[in-house]
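Worksheet for the structure shown next.
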Amino acid sequence: MNINNRRISITIWGTEKGDWIEWYNDIKNLMHKLGYEHTHIGIMSEHYSFGKILTVARKEKEILTKINEGEIPKSFSCYSLPKGFKVAGFDYYFLCERNDEYMSVILKETDYNLSNEQFIISLMNKYICFEYGEIYSTMASEMPLLYAETKDQKNLDTYNRIKCIKK
């Protein structure tokens, strides 16, 4: 199995908390620290109900203005996508999703190590009231957020739990 074809998901379930702008800036900084370029945003909210992936260059300022004006996202995602990507849900290098049930950070297996794990979990704990957490891997051809949404391993053929996260 080629290690580059697997992704690591760090997912914590619980009630979301904390400021959305601060979270966004923290995730941008995390992406930079890990060597990923922040290229796209996904947002679902009152104003953005279509669920489309938007470029940071074209929409970041508008989205952050709406949030600063009091709009609360139902979900917010930050992506690092290659130029000419076909499907954001499969082609990303890095993805972070935050919503009212969980927060998940997904990165290439080659970028996963204990130091990064601890840093990511400490960052996530600022924005979610911890109920349960897992670190798991999947092939890049699968969508690990299906597991985050359902907690049903049957949704992923290549699901492999690495460990449960302790509070």
Modelled FRET efficiency - R0 25 Å, Lys151 with Ala57, Cβ distances, 0.05 increments: 0.10
Per DSSP, loop trypsin sites (Lys or Arg not before Pro) in the range 1-91 with at most 10 further Cβ within 10 Å: Lys83, Lys86
If R0 is 35 Å, what FRET efficiency do you get for Lys28 and Leu114 from their C-beta distance, rounded to 0.05? 0.90
Expressed in angstrom and ordered largest first, the alpha-carbon extents of the range 53-101 along the principal axes are 33, 28, 13
Taking the C-alpha atoms of the range 1-120, how large are the radius of gyration and the largest Cα-Cα span, Dmax, in Å? 14.2, 48
Cross-link pairs Lys66/Lys167; Lys86/Lys163; Lys33/Lys154; Lys28/Lys108; Lys28/Lys74 - those with Cα-Cα distance over 27 Å: Lys66/Lys167; Lys86/Lys163; Lys33/Lys154
Helix 56-68 sits at what angle to the longest principal axis of the chain, using alpha carbons and giving 0 to 90 degrees rounded to 10? 70
Calculate the dipole size of the range 78-143 relative to its Cα centre from +1 charges on Lys and Arg beta carbons and -1 charges on Asp and Glu beta carbons; express the result in debye to the nearest 20. 340
Quick calc: nm separation of the 7 Å Cα→Cβ label points for Leu64 and Lys83 -> 2.4
Probe 1.4 Å, accessible area per residue of the range 1-111, Å²: 50
If you place +1 on the Cβ of every Lys and Arg and -1 on the Cβ of every Asp and Glu, how big does the dipole about the Cα centre of the chain come out, in debye to the nearest 20? 360
Rounded to a whole number of µm²/s, how large is the Stokes-Einstein D of the range 86-167 at 37 °C and 0.692 mPa s, given Rh as the Kirkwood radius over C-alpha pairs? 245
So, R0 is 22 Å and r is the distance between the beta-carbons of Asn5 and Ile72; what FRET efficiency does that work out to, to 0.05? 0.05
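Tell me, what % of the accessible area of the chain is carbon and sulfur with a 1.4 angstrom probe?
The C+S portion of the solvent-accessible surface of the chain is 50 percent.
The values are calculated or read from the model by the stated rules, or taken from the named source; none is laboratory data. Every value quoted in this text rests on a predicted model; they were computed, and no experiment measured them. Positions of Cβ are backbone-derived with ideal geometry, glycine not excepted, and every protein chain shown enters the neighbour counts. We work out accessible area using only protein heavy atoms, side chains counted, and drop any ligands, DNA or RNA first. Shrake-Rupley method; radii C 1.70, N 1.55, O 1.52, S 1.80 Å.
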